[in-house]
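J.: I have a structure here, written as structure tokens, and I will follow up with some questions on it.
No value in this document is a laboratory result; all are computed from the given coordinates. Model, not experiment: these values are computed from the prediction. For neighbour counting, all protein chains shown are included, and Cβ atoms are generated from backbone atoms with ideal geometry for every residue, glycine included.
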Amino acid sequence: MGNQGKFSEGEVLDQLEEYLKRIEVRYGRTVLGEYEVIGAPWVIEKKDFLVLMRMKDEWIWSSAAVLLKEEVPRENAREFLFDCLKANHLLPEICFDADQDGNLGTSQEIHVSAIMDEGGFSEFKYEFFAIPACIKYFLKNIAPKYNVMVNGFTDMVNKFIEKVQG
């Protein structure tokens, strides 16, 4: 397209919605705080998670909470967090991070031009599916090693759905 940096937030979110429809993922669009966001609820191992997507400064940020700060094992937190960091390099697109409150999450960033140009659907799929893949990796490989009970985020998902249906 060669139109890099010329897309409005609405155009970008509309494109994301089109891609989500193509991969048949249920989603909702609403305003949270200062951002218009798209949220896609996922059920992974019978637990609810919410992938949120927003645009900021010509980047699309996709993220999901994985584990609350209070649920991180205290007695071996260093080893636990180190295993999460090592996983970032173990598999492509696996990316653990922490939010400002210290909760464990996963995120992906993609430049707007990558999804708005021809071939953008493929780029979107790689980045988008990395979020649930990271959560699955955590549930299968890291949580059991540290006897971490992952509760999921059913309340968060339900509040998001209520807001969207508003």
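J.: What ranking do Arg22, Arg74, Arg54 get, fewest neighbouring Cβ atoms within 10 angstrom at the top?
T.: On the way: Arg22 11, Arg74 7, Arg54 21.
Neighbour counts put them in this order, fewest first: Arg74, Arg22, Arg54.
J.: What do you get for the angle between helix 77-90 and the principal long axis of the chain? Use alpha-carbon atoms, 0 to 90 degrees, nearest ten.
T.: So the inclination is approximately 40 degrees.
J.: Setting aside same-chain residues fewer than 8 positions from Lys86, which aspartates and glutamates have a Cα under 20 Å from its Cα?
T.: Glu71, Glu75, Asp97, Asp99, Glu109, Glu127
J.: As I understand it, the value is the acute angle between the Cα axis of helix 120-137 and the longest principal axis of the Cα atoms of the chain; what does it come to in degrees, rounded to 10?
T.: Roughly 10 degrees, rounded to the nearest 10.
J.: If we count other beta carbons within 10 Å of each Cβ, what is the order of Tyr27, Tyr126, fewest first? List each step's numbers first, then the result.
T.: On the way: Tyr27 16, Tyr126 13.
With the sparsest Cβ surroundings first, the list reads Tyr126, Tyr27.
J.: Evaluate the distance, in nm, between pseudo-label points positioned 7 Å from the Cα of Glu162 and of Ala98 along their respective Cα→Cβ axes.
T.: For the pair Glu162/Ala98, the computed spacing is 3.1 nm.
J.: Here's something else I'd like to know. Mean separation of Cα pairs under 8 Å and 6+ residues apart, divided by the residue count of the chain: what relative contact order is that in percent? Don't skip to the answer; put the middle values down first.
T.: On the way: 242 pairs, mean separation 41.9, N = 166.
Averaging sequence separation for qualifying contacts and normalising by length gives 25 percent for the chain.
J.: Distance cut-off 23 Å, Cα to Cα: go down the list Lys47/Lys140; Lys69/Lys159; Lys125/Lys163 and report the pairs above it. Present the calculation step by step, with values, prior to reporting the outcome.
T.: Working: Lys47/Lys140 13 Å; Lys69/Lys159 20 Å; Lys125/Lys163 26 Å.
As for pairs spanning more than 23 Å Cα to Cα, those are Lys125/Lys163.
J.: Averaging over every viewing direction, what projected area does the convex hull of the Cα atoms of segment 1-69 cover, in nm²?
T.: Numbers: hull surface 24.1 nm².
The orientation-averaged projected area of the Cα hull of segment 1-69 comes to 6.0 nm².
J.: Rounding to the nearest 20 debye, state how big the charge dipole of segment 91-166 is about its Cα centre with +1 on each Lys and Arg Cβ and -1 on each Asp and Glu Cβ. Please report the intermediate quantities before stating the final value.
T.: Working: 6 positive and 11 negative charges, 99 e Å.
It comes to approximately 480 debye.
J.: Also, quick follow-up: Note the per residue figure in Å³ for the convex hull of the C-alpha positions in the chain.
T.: Normalising the Cα hull of the chain by residue number yields 120 Å³.
J.: From the C-alpha gyration tensor of segment 48-144, pull out the three semi-axes of the equivalent ellipsoid (sqrt of 5λ each), sorted largest to smallest, in whole Å. Intermediate results must be reported in sequence, preceding the final value.
T.: Values: eigenvalues 141, 38, 23 Å².
For segment 48-144, the ellipsoid semi-axes come out as 27, 14, 11 Å.
J.: Then there is this: Using alpha-carbon positions, what is the distance between the centroids of segment 1-50 and segment 97-159, in Å?
T.: Measuring centre to centre over Cα atoms gives 13 Å.
J.: Still on this model: Working out 0.36 nm times the residue gap between Arg74 and Val25, then minus their Cα-Cα distance, what length gain in nm do you get to one decimal?
T.: Details: separation 49, 0.36 × 49 = 17.64 nm, distance 3.59 nm.
Net length gain for the segment: 14.0 nm.
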